[in-house]
Each structure stands twice: as structure tokens, then as C-alpha cells.
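Taken together, the values in this text are just the output of simple stated rules run on the coordinates, not laboratory data. All values derive from a computational prediction rather than experimental measurement. Here the Cβ positions follow ideal geometry from the backbone for every residue, glycine too, while neighbour counts run over all protein chains shown.
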Amino acid sequence: MDRRKALKKAGLLAGATIAMPSLFSLLQSCKNETRLDWQPEFFTEDEAKTISALIDTILPTTDTPGGLDVKADMFIDKVVAQTYDGEGQQNMRNAIAEFNASCKEKYGAIFPELSDADKTAVLKEAEASSPKFNPGVWGTTVGDQQPVGFYRSMKSMAIWAYFTSEEMGENVLSYDPIPGTYEPCKPLSEVGNRWSL
């Protein structure tokens, strides 16, 4: 790898590291909003319905919360509104419009209005035809990443929002807060083996 590419990738990694606390604060701000009073910051009503339907199809509610239960759609709206530049926002609008136009052409309606079977068929087609993300090492993509398209990038954002939500982190996934609580007088018999790092 030449020096210029290495510096560029290091700069992107540093930028992502600096931006992470801001993005997590966006996610936490979503938990105070309810479905009844949520007004999208960026998406139009139809765009918000498309994103919500897409997330609900990718991450439905089962015995664990679904994507809409943890407000992944609200998080994505905030990310696009507060972190995308004008060109990125317009690209998002265009991608949603193209996605819905494709659904209407093949299935007769935009994505939120399709039956569950048709929504699943749309996602299976998109999964099979969308380019995949290159593998990464320590946050750096290996090789030249080709554009992955609307479906793959939205799926990635939805999964990211889902697994970084407070609900999933504390109530579904195994959660061991670091550094944890301080217990100065705990008997050795309760500690058991020493912990490896």
C-alpha cells in the first residue's frame, strides 16, 4: 500500500473515531421519542414509511425486539439529517425513489404498500444482486470498495443502529459494563478464578 492511501485510510479511521460519540448521542436521543409524536428531521412522510418498512422487514419483532422497537428508523433519520452533506442527502432521496420505483414496476406498489411475501421477495432479490462490503481489518477496508447500493448500505445502518441501541445492549445481549462496579470487600470465595484480560 502506498503512503498516500495509508494516510487517507488513517484519516478516515480517526474521523470515524471522533464522530462515534456524536453518533451514539444521536441514538440515545431517539429513545425519548415515541411513535405517536415522531416527526422526521430529514425524511418526507413517504420516505420515512419506506425506511421503517424496510427495517421492519430486515429486523422484525420476534422473541427479541425488532428494528422499529429500538427506533432504528429514527436513528437513521437523525444520522442522515445531521451528518450527511447536501449531496449525500440528495443521493439518499434519489436512492429511496429508485428503490420504490423498482418495487412499483415489478410488484405494482411502493415498498411499504407491498404484502409481506412481496417485501421478502424484494429483499431476497436485493440481497442476491447487491455488491457486498469488502472485509476489513481494524476498521480499514481491504481493497477498493465498490459502491454497495441503497439496500446494502441501509441494511448495514439498520443492523448498526439495532445492535448499538440501549435496549439491545442492556436487555438482550450479554452486558458487562466496563470498568464495572467497585466492590472493595468481596470475599475471595465469591470471586472464583482470577480473570484473564
Original post:
If we count other beta carbons within 10 Å of each Cβ, what is the order of Phe133, Phe42, fewest first?
Top reply: Phe133, Phe42
**OP:** For Thr61 and Ser156, compute 0.36 nm times the residue count separating them, minus their Cα-Cα distance, and round to one decimal in nm.
**Re:** 32.4 nm
Original post:
Going by the alpha-carbon gyration tensor, a ≥ b ≥ c the square roots of its eigenvalues, is region 54-172 rounded (a/c under 1.5) or, if a/c is not under 1.5, prolate (a/b greater than b/c) versus oblate?
Top reply: rounded
Subject >> Relative exposure of Asp118, Asp46, Asp85, judged by other C-beta atoms within 10 Å (fewest first) >> reply: Asp85, Asp46, Asp118
Original post:
In what sequence do Tyr107, Tyr182, Tyr162 fall when counting other Cβ within 10 Å, fewest first?
Top reply: Tyr182, Tyr107, Tyr162
Subject >> Gained length - Glu41 relative to Ser130, 0.36 nm times residue gap less alpha-carbon distance >> reply: 29.2 nm
